[in-house]
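Heads up: the structure comes next, in structure tokens.
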Amino acid sequence: MIEKAGGLTKKADLQAINRSQLLKDQDKIYVPAKGDEPPAASATSSASSQATSSSAFSASSSASSASSASGELININTASASDLQKLNGIGEKKAEQIIAYRQEKGGFKSIDELKEVSGIGDKTFAAIKDQLTI
């Protein structure tokens, strides 16, 4: 799929990306140049627009989502534990439970399915549902 997105430049650091990550339409992936620092998770979307000039391809994947503070949605199927913890009421333990659930079930089919994770009830879900995507 990398070739379909225009391929990589000679500077691209392929070791810095997860090539097995599942992507959805309109996602963006930032591929840093060799020796570059990868962007912070919350900077992924803004950094991805620089990917073409920096080193790589601008295919698709807002990797795990960005911070809810910037108004962007958190993808519960790809978010890291630290991204999930940016949500109100989600601490380290609940973030780990969310990740364990999605690995066990093969991902969430809808954001409502998040309520099936132990410790996430209607109240918690109602507080965060507007910040979520799949």
Exercise. Residues 99, 128: which one is in contact with a helix residue (DSSP H, G or I) (Cβ under 7 Å, 6 or more places away or on another chain) and surrounded by 15 or more Cβ atoms within 10 Å (Cβ to Cβ)?
Worked result: 99
Exercise. How many residues are under 19 Å from residue 24 (Cα atoms) and in a loop (DSSP other than H, G, I, E, B) if we restrict to the stretch 83-134?
Worked result: 6
Problem set entry | From 62, 67, 110, residue being hydroxyl-bearing (Ser, Thr, Tyr) and modelled with pLDDT of 90 or more | 110
Problem set entry | Checklist (1) modelled with pLDDT of 85 or more; (2) under 15 Å from the mean Cα position of the chain (by Cα); (3) loosely packed, with under 12 Cβ neighbours inside 10 Å applied to residue 86, failing item | (3)
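The values are calculated or read from the model by the stated rules, or taken from the named source; none is laboratory data. Everything numeric in this text was worked out from a predicted model, so none of it was measured. Glycine also receives a Cβ, built like all others from the backbone with ideal geometry; neighbour counts cover every protein chain displayed.
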